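One structure is given here, and the rest of the page talks about it.
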Amino acid sequence: MMKKLPLALLVPLLASCSTFDMQGSLTKVNAEPGVVTAGKVDVVITNEQQKAREQRAAELLQESLSEDAAVELMLSKSPAFQELLLNHWQAGASVAQTGRIANPVFSFERMVKGEETEYGRFLRFGLLDVLTLPARQAAAEIAIDRAAMSLSAEVYASISQVRLAWLDAVTAEAKLKIAEKAFTGTSASADLAKRMKQTGNFTTTDRIRQQLIFSEATIALATARQERIAAREKLVRLLGLEGEDAQQLKLPTKLPKLAKQPLALTDIAKEINQRFDVRMARLDYESALKRNGVDQVSTFTDIEYGRRYDTINDAGSISHKKGYELEVKLPVFDWGDMQRDALQANLLAKQQAYKNAVLSAASQLRESYSLYRTSFDIAQHYQEQILPMQETLLEEATYNYNGMIIGVFELMQAGRDMAAAQQSAIDAKRNVLNAEIAMNSVVMGRPIDASTTKISASSASADAGH
């Protein structure tokens, strides 16, 4: 019976071990609904792959970069994104390794005593490792699924960050155009006020007021230029551009149009159990549950099994001896109770984390949807109410100026009010688009920070009531 034991113990070792398929993991990411909005996620290893990515990036940079093109460009060019994929590869391989057992140890010895030579061969491995291998493999498979889910969540977050950066960059481009027009207008106004003061047709107070308006426009233009540079460079970094590619980057000067109607909460809400965070929390708990029994046993003892086969050559007389040994760790000083307490606490913590993820999901969605609807309503109010009223006021000011009812400075003030309303309308539209991305990230279960620009009620009132 003892002769057959080693072979029986080696059977699990010959069975399939836990493995990690990086390409299969990327295939899951690309197939995950709502994750990859443009392009394809793939890890770049060979020079041929790199050249193909560079060629595609060059094609995208030939045109004004749309939001989808920005996402595809990031997937093609960004070294930070490739680092994310490679780190996942490393983590996935490490997780798969936990489903394998240590290799057996083979020892060989040669002992000489006079004319007697003894050759010893000894094979040793952990008996508990072999017996618990199925449970370890099951836990490893769950952990591998969890790693794939984590990758999908991180890819989604990376794509969302690029989309937000693209919106910020386009917003900065649009606001710069308005700031340049306002600067040109106030420059002419200040110059006219100066010349009228010289001819005695303008008071010192009025001239200084026009000069202060011009100074404000100058500062606003400088600020808009800096904001454009900052937003553009942030996008450049996320896209992974450098040198000529960064200089070649062209962006639209207008944000995408708003939808006529806001999204309904029932249209975007998905099954809570399909969220990334809920699925990962559930897998964390299941993996801990699978490993709990194995880890509990290891806190008590460890067993090493070995087989020995010796050959003795005594002056030409050959003989053999064989046998086995068991090495058992005795729980004398440490009974492992603290380790078992820690394991139990960890298992319960994973369980509570799963419950918390489920409970938080609905609340997070309500909060993010409220921000989206508020932002949409404000932007819609600007589009349908404030901007048309400002246009009407500007038209009236133009008619009154042509009829010599008001002066040139009143006409320019109407133009400045219109420009201010346009700036606020751009911010309001950006807030909607940002809030929509943030809301979708909550729906997916990978919330991201999406800042919104505060639009004060007093500014809106001033714009609407000039």
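The values are calculated or read from the model by the stated rules, or taken from the named source; none is laboratory data. Model, not experiment: these values are computed from the prediction. Cβ placement follows ideal geometry from the backbone for every residue including glycine, while neighbour counts extend to all protein chains displayed. These area figures cover heavy atoms from the full protein model, side chains too; ligands, DNA and RNA do not enter into them. Shrake-Rupley method; radii C 1.70, N 1.55, O 1.52, S 1.80 Å.
Can you pull out the residues in segment 252-269 that are within 17 Å of S360 (Cα to Cα) and either surrounded by fewer than 14 Cβ atoms within 10 Å (Cβ to Cβ) or small (G, A, S) (or both)?
Passing the criteria: only A269.
Which of the numbered conditions does A70 fail, given that it passes all the others? Conditions: (1) modelled with pLDDT of 90 or more; (2) out of contact with any Pro (no Cβ under 6 Å at 6 or more places or on another chain); (3) surrounded by fewer than 18 Cβ atoms within 10 Å (Cβ to Cβ).
Result: A70 fails condition (3) only.
From Y399, Y369, which residue is open to solvent by 30 Å² or more (accessible area, probe 1.4 Å), touching a helix residue (DSSP H, G or I) at 6+ places or on another chain (Cβ under 6 Å) and hydroxyl-bearing (S, T, Y)?
On inspection, the qualifying residue turns out to be Y369.
If you check S78, S18, S25, which single one turns out to be of a type in the set (S, T, N, Q), open to solvent by less than 20 Å² (accessible area, probe 1.4 Å), under 28 Å from E233 (Cα atoms) and modelled with pLDDT under 90?
Of S78, S18, S25, the one residue that is of a type in the set (S, T, N, Q), open to solvent by less than 20 Å² (accessible area, probe 1.4 Å), under 28 Å from E233 (Cα atoms) and modelled with pLDDT under 90 is S78.
Restricting to segment 131-163, what's the tally of residues that are assigned to a helix (DSSP H, G or I), modelled with pLDDT under 85 and either over 14 Å from L283 (Cα atoms) or among the polar types (S, T, N, Q) (or both)?
Total satisfying the criteria: 6.
For the condition open to solvent by 60 Å² or more (accessible area, probe 1.4 Å), farther than 30 Å from Q261 by Cβ and part of a helix (DSSP H, G or I), what is the one hit in Q352, Q364?
Testing whether each residue is open to solvent by 60 Å² or more (accessible area, probe 1.4 Å), farther than 30 Å from Q261 by Cβ and part of a helix (DSSP H, G or I) leaves just Q352.
Which of the residues belonging to segment 308-326 are within 30 Å of T132 (Cβ to Cβ) and open to solvent by less than 50 Å² (accessible area, probe 1.4 Å)?
The one that is within 30 Å of T132 (Cβ to Cβ) and open to solvent by less than 50 Å² (accessible area, probe 1.4 Å): G323.
Considering every residue within segment 211-219, establish whether at least one is under 27 Å from G39 (Cα atoms) and open to solvent by 70 Å² or more (accessible area, probe 1.4 Å).
Looking for residues that are under 27 Å from G39 (Cα atoms) and open to solvent by 70 Å² or more (accessible area, probe 1.4 Å), one finds none in segment 211-219, hence no.
Among the listed residues V332, V328, V278, V236, which satisfies the condition of being β-branched (V, I, T) and within 20 Å of A69 (Cα to Cα)?
V236 is the lone residue from the list that is β-branched (V, I, T) and within 20 Å of A69 (Cα to Cα).
One residue is enough: does segment 85-93 have a residue meeting the conditions open to solvent by 70 Å² or more (accessible area, probe 1.4 Å), in a helix (DSSP H, G or I) and of a type in the set (F, W, Y)?
Yes, some residue in segment 85-93 is open to solvent by 70 Å² or more (accessible area, probe 1.4 Å), in a helix (DSSP H, G or I) and of a type in the set (F, W, Y).
Any idea how many residues of segment 189-205 are free of Cβ contacts under 8 Å to residues at least 60 places away in the same chain and part of a helix (DSSP H, G or I)?
The total comes to 9.
Within segment 439-447, identify whether any single residue is assigned to a helix (DSSP H, G or I), of a type in the set (K, R), in contact (Cβ under 8 Å) with a residue 60 or more places away in the chain and open to solvent by 30 Å² or more (accessible area, probe 1.4 Å), and answer yes or no.
Within segment 439-447 (the criterion being assigned to a helix (DSSP H, G or I), of a type in the set (K, R), in contact (Cβ under 8 Å) with a residue 60 or more places away in the chain and open to solvent by 30 Å² or more (accessible area, probe 1.4 Å)), the answer is no, since none of the residues qualifies.
Considering only segment 97-130, how many residues are in contact with a Ser or Thr (Cβ under 8 Å, 6 or more places away or on another chain), open to solvent by 60 Å² or more (accessible area, probe 1.4 Å) and part of a strand (DSSP E or B)?
5
Residue-wise test of (1) assigned to a helix (DSSP H, G or I); (2) without any contact (Cβ under 8 Å) to a residue 60 or more places away in the chain.
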| position | (1), (2) |
| --- | --- |
| L343 | yes, yes |
| N346 | yes, yes |
| S368 | yes, no |
| A379 | yes, no |
| A414 | yes, yes |
| M418 | yes, yes |
| T453 | no, yes |
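Of all residues being β-branched (V, I, T) and closer than 18 Å to A222 by Cβ in segment 183-202, which is surrounded by the most Cβ atoms within 10 Å (Cβ to Cβ)? Just the residue, please.
Looking at the filtered set, the residue picked out is T186.
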